[in-house]
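Notes for the one structure printed next.
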Amino acid sequence: MRLLLVDDDERFRALLRTTFEAVDMEVVEAANAGEAGEQILAARPDAIVLDVSMPGTSGVTLCAQLKSSRATREIPIVLLTGSDMANETVAREVGADAFMLKPFSPLELLAVVERLAGGLHGTPFRASGKRLPDEQLLLYARDLRHLLELERRQRVLLARAYHETVASLATALESKDTGTAEHSQRVHRYAAELAKEVAPDVVEHESVEYGFMLHDVGKIGIPDSVLQKPGPLNDDERRLMQTHTVLGEQMLRGVSFLQGPGLEVVRSHHERWDGHGYPDRRAGTDIPVAARVFAVADALDAMTSDRPYRDAMRWSEAGRELVEQSGHQFDPEVVDAFRARERTLHRIQSEFAHPRYSVVASRLTRSGARERSFRGRP
């Protein structure tokens, strides 16, 4: 089936195109009456979905023109409107075969188009009249298959949209906090690599990737004067900074796809193996494994990246710090995973074209800024 979709809203056309193409319908588009005429001349459509409100010739006028022409009057037309420019009476007067008010379900429109134009690809036309029971069951089964496939594809698109939105938020936040738009991407890659060694099942949980990306989302509530302070924090500033883990969890608690290990990462990634972390002073294996893995990944990237309060250190030096803090700040098993996969982790850093930093001299120019918590800001 060939469907002509006429609407000046590109996003709306994209939504309907996704719906109809999921069931193998050919969709051609037009943004106005002129383009619609060109498409009809190029190849006659089996049905037309036509928006009422368009610049220039309105959908009502175009519908009347098409229905008054011998060449196009047999083409079924579904008239759409999201305003009071038309109603069912007007639609009947201009010859529309169906009339729908926005907003509506794309599946509802799909059913209307199918009824008017004679069936989707692979699905018999639902003609009226009696059918044998087996034939009717076959039609229902085919309908169900199409609807399930449509739902699956829309779910994939929705998941992709979630991911892109979360990634954009994480990038904007990290750019504000650390001055780099790549921190969240690198630390996510590091954590996923470490988790393969320590807890492969954690990587498979759908919430974990989002937890890795949004671990510092609570810093939205921390003033820039604290986030970007070019020196050590005082006690009050430190206490304020440490609230970001709880703030982040509170912000994301109602997000369904973050429930589980992902939310645990947001709350617990600043806990320490020795129990001196925050916000809950959990220790050892009482700290969720995803948070223990992420703590090492986050520390690795923090140490090897420039921050407002200190310069980056060399990769080899960062590795030694992680090993020294094994059993104190970090889970020894995760540090062992770092040593086992260090070459791969270093390659990940190189993929982001991270600049190479020279030695201690530049780092010491901001004396007093470096602290014994190797994750950047405490």
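The peptide list 344-352, 182-190, put in order of mean Cβ contacts within 10 Å with the highest first, becomes 182-190, 344-352.
In percent, rounded to a whole number, the relative contact order of the stretch 209-261 is 48, using alpha-carbon pairs under 8 Å and six or more apart.
Grouping the Cα pair distances of the stretch 236-316 into 10 Å bins from zero gives a pair-distance distribution of 17, 42, 35, 6, 0 percent in increasing distance order.
Other residues whose C-beta falls under 12 angstrom from the C-beta of Gln259 contribute a net charge of -2, scoring Lys and Arg +1 and Asp and Glu -1.
Its Cα centre serving as origin, the stretch 222-316 has a Cβ charge dipole (Lys and Arg +1, Asp and Glu -1) of approximately 80 debye.
Could you calculate the FRET efficiency of Val246 with Lys196 from 1/(1 + (r/R0)^6), where r is the beta carbon distance between them and R0 is 35 Å, rounded to 0.05? Can you show the working numbers first?
Working: r = 29 Å, r/R0 = 0.84.
With a Förster radius of 35 Å, E is 0.75.
Bridging of Lys67 to aspartates and glutamates at a Cα separation below 17 Å is possible for Glu38, Asp46, Asp51, Glu88, Glu93, Asp97, once same-chain residues fewer than 8 apart are set aside.
Beyond 13 Å, what share of the Cα-Cα pairs of the stretch 298-339 remains, rounded to the nearest whole percent?
Working: 436 of 861 pairs.
So the portion of pairs separated by more than 13 Å is 51 percent.
Solvent-accessible surface (1.4 Å probe) assigned to Trp273 amounts to roughly 60 Å².
The values are calculated or read from the model by the stated rules, or taken from the named source; none is laboratory data. Just so it is clear, the structure is predicted and the values come from calculations on it, not from any experiment. When we count neighbours, we look across all protein chains shown, and the Cβ atoms used for this are built from the backbone with ideal geometry, even at glycine. For accessibility, only protein heavy atoms count, side chains too; no ligands or nucleic acids. Shrake-Rupley method; radii C 1.70, N 1.55, O 1.52, S 1.80 Å.
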